[in-house]
Structure formats: C-alpha cells, structure tokens
1. Take 94, 230 and order them by how many other Cβ atoms sit within 10 Å, fewest up front.
2. For a label point 7 angstrom out from the Cα of residue 215 toward its Cβ, which stretches of region 86-129 have the backbone nitrogen within less than 17 Å?
3. Extension gain residue 133-residue 27, at 0.36 nm per residue separation less the Cα-Cα distance, in nm?
4. So how do 98, 34 line up by other beta-carbon neighbours within 10 Å, fewest first?
5. Could you give the length gained on full extension between residue 48 and residue 153, defined as 0.36 nm per residue of separation minus the Cα-Cα distance, in nm?
6. What distance in nm separates the simple spin-label points at residue 19 and residue 207, each placed 7 Å from Cα in the Cβ direction?
7. Taking a ≥ b ≥ c as the square roots of the eigenvalues of the Cα gyration tensor of region 25-136, is the shape rounded (a/c under 1.5), prolate (a/b larger than b/c) or oblate?
8. If you take all C-alpha pairs in region 42-234, what percent of them are over 31 Å apart?
C-alpha cells in the first residue's frame, strides 16, 4: 500500500459490520426507501401538480437560456443503437457501479468504508424530501397522453425505454401505479454517480482510473437527459443531496465510532481502574 493510501486508512474511523450484516443493512434501507418513495407516487399525486412543477422548471431553464433537453434528445433519437446503449446504461450502471464501489471499499479499504456507506445511505434518504415536496413530471411524460402524462404537443419528448427499448419500460399500468413516476427532483442517478466518484477518487492510484471516475457522473447526466428521464437541473438537486449526505454521513459514522470505541474501552477496563472494589 502506498504511503498516501496508508494515511487515508490511518485517518479512517474503523471497519464496518460483518459482510452479511452490511449487505442486510443496505438492502433493508433501500427497501424502506423504495416503499417510502412510492408513498408519494403517481397514484397519490395529482398529475396537474407534477406538470405545473415541470413547467416551472422549464421556464426557469428557459430564463437561463439553458432549456436544452429536447434539443439533445432530438439530435440523437434516430440513432437506435446509440439510444439503446444509453437505455442500458441508465438501467444497469446506476446499481452496478454503486454496488461495486460499496463492495470494493469494504474489501480493500475497510477503515474508509463506514463513512462512505453512511454517506450513501444519507444521500439516498435525503432524496425523499425532494420527491415528497416537489413531485416533478419527467420530460418523457410531458407529451404522453396517458393517465400520468401531460399530453403537451409543445414538448414532444420520447420515452426511449418504452419506444426504443431497454431492460424495462415505465409504460405499463402496473408499473406506473406502483412506482413513483414523479420522483425526478433530485436525480438520484446523478447523486449516486457523484457519490461513486467522491468515494473512489481518494483511493484510485493512476490517472486513467481517475479520469474514468470523473467521467462517470457526466455520462450519467447525459444518459438521464437523452432518455427523457430528467431535466439537467435535477442533477443540481442531486449534487446538493450528495454534498449534504457526505457531510451528514461522515458525522454519523464518526459519532458512532467514537461511541463504540468508548464503550469498548469501558468494557475492557479492569474494575480497579474504574474505582471499584475487585
């Protein structure tokens, strides 16, 4: 291990739980998160509210001269294989790269792992605030005339997963009723991608891997825009929650480490040193 990585490990807060406990913790948290997110889902939110919020976002971007999502999609929409790749990227990298980062840190850098695991959980949990307070119709639903769409011909976005193909589609009635179609602000895809970059950057040792790590959030931003799943400003929301999540997760991990270390020291201290009669 290089001197730089040794210092990073020395400055860590300690190892996490056993591997099965860590896996159970993350899985349980994500299950609760998914259930909570879907409580603010399509069936419980008035589409008019989600559409109004979408138009507010669009007007804001237009005022900045940066309403570019439709132009980006229209530029590439006829390149079927290209769009299918980004559909695949959208559906797999989000989970695959995140799981890899968690596992790799746990196995290779256990002293750093608790802070980043806690930051990941906090980031994910904080996104629920945005989903509940600001239900947002994504671009792919603006021109959709179904139950959950806006039916606006002025914004002819394409739901690329439904129209061109991918691992799944959001257009089935069951999926729309169960899943939260309006959980767009903040973009958790972008937030997780940025979290991966922040977690991996300190432990990557060569320039190429660092470039790949830095490119990943940008690729994710392109994916969520070209597939019609997010406005670019949703990524700004994602950046905010990951920043707050890292700060909160670090504080929680450090507090837990200090408490558990103190408890261990107390349990290992002989009774005579605690002023007690043996």
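1. Numbers: 94 19, 230 28.
Going from sparsest to densest Cβ surroundings: 94, 230.
2. So the set is 86, 89-90, 93-94, 97.
3. Values: separation 106, 0.36 × 106 = 38.16 nm, distance 2.51 nm.
Fully extending the segment from residue 133 to residue 27 adds 35.7 nm.
4. Working: 98 19, 34 13.
Lowest to highest Cβ neighbour count: 34, 98.
5. On the way: separation 105, 0.36 × 105 = 37.80 nm, distance 1.59 nm.
Here the answer is 36.2 nm.
6. Simple spin-label model gives 3.5 nm for this pair.
7. Numbers: a/c = 2.16, a/b = 1.39, b/c = 1.55.
Oblate shape, in that a/c is at least 1.5 and b/c is the bigger or equal ratio.
8. Details: 3811 of 18528 pairs.
Distances greater than 31 Å cover 21 percent of the Cα pairs.
Every number here is computed from the coordinates shown, using simple stated rules; none is lab data. Since the structure is predicted, the reported quantities are computational estimates derived from the model, not experimental observations. Backbone-built Cβ (ideal geometry, glycine too); neighbour counts: all protein chains shown.
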